[in-house]
Amino acid sequence: MEPALFSQEGMELSCRRFSQRINTETDDRGPTFNVFMESRFESCDFPTKSLILSFPVENSMRNPVGVMHGGCVAGALDITMGSLTFYMSGEFLTPTINMNVSYERPIPSGKRLFVEATCLSCGKTMAYATARGWIEGSPEKTVCSAAGTYYTASGVR
């Protein structure tokens, strides 16, 4: 018997399954961007409506300056907030409507980027989330942050 969706156990099961799903997304055109990002479920907390995913910062993700490309940073923030709003919406896909990203510190390759998202509210048509990222070993130093709006009425699972 599966746990109730809106419980700590249900949230963890849902978020783990969704993380596995997006890490294997492929079609006749090949794998999606989500597969390239290789997100890993770290933890979630039902009372605070928060989720932590981590991402390897690979050499292939570098920009010309040698640090994580801004598009990959935004991708990590978006994947984490989108995964959380997927759960919060009752497991419907939640396309991004708007996202505002702040790049606060350079992110070196060879490390893991941890991103914690929190869902501020989730209604019938929109969800609002925030996220902050840090490098493994330094959770006190925010390297990136974002606020996002997600569409919750897609009807697509």
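The values are calculated or read from the model by the stated rules, or taken from the named source; none is laboratory data. Not measured: the values here are computed from a predicted model. All Cβ positions, glycine included, derive from the backbone under ideal geometry; neighbour counts span all protein chains shown. Note: accessible area is taken over every heavy atom of the protein model, side chains too, but ligands, DNA and RNA are not part of it. Shrake-Rupley method; radii C 1.70, N 1.55, O 1.52, S 1.80 Å.
With helices as the sole contributors, the chain gives -8000 deg cm²/dmol at 222 nm; each DSSP H run of n ≥ 4 counts as -39500 (n - 2.57), and the sum is divided by every residue. Dividing the mean sequence gap of close Cα pairs (under 8 Å, 6+ apart) by how many residues the chain holds gives a relative contact order of 22 percent. Between the range 138-157 and the range 84-98, the alpha-carbon centres lie 10 Å apart. Remark: the Cα gyration tensor places the range 1-60 in the oblate category, a/c being 1.5 or greater and a/b not exceeding b/c. Protein heavy-atom accessible surface, 1.4 Å probe, per residue over the chain: 51 Å². In order along the range 42-56, the phi-based Karplus estimate (6.51 cos²θ - 1.76 cosθ + 1.60, θ = phi - 60°) of 3J(HN,Hα) comes to 10, 6, 8, 9, 4, x, 9, 6, 10, 9, 10, 10, 10, 9, x Hz; Gly and Pro are listed as x.
Taking the longest Cα principal axis of the chain as reference, the axis of helix 8-22 is set at about 60 degrees. Translational diffusion coefficient of the range 55-157 (Stokes-Einstein, Kirkwood radius from Cα pairs, 4 °C, 1.567 mPa s): 93 µm²/s. Put the Cα centre of the range 9-40 next to the Cα centre of the range 64-78 and the gap is 19 Å. Peptides 12-21, 26-35 ranked from most to least packed, by the mean per-residue count of other Cβ atoms within 10 Å: 12-21, 26-35. In order along the range 120-137, the Karplus-derived 3J(HN,Hα) couplings, from 6.51 cos²θ - 1.76 cosθ + 1.60 at θ = phi - 60°, round to 7, 6, 9, x, 5, 10, 9, 10, 10, 9, 10, 8, 9, x, 8, 8, 3, x Hz, and Gly and Pro are given as x. Calculate, for Phe46 and Phe92, the FRET efficiency according to 1/(1 + (r/R0)^6) with r their C-beta to C-beta distance and R0 22 Å; round to the nearest 0.05. Working from the Cβ atoms, E equals 0.75.
Here the mean projected area of the convex hull built on the C-alpha positions of the range 1-112 is 8.4 nm². Expressed as a whole percent, the accessible surface of the range 1-149 that belongs to carbon and sulfur atoms is 54, based on a 1.4 Å probe.
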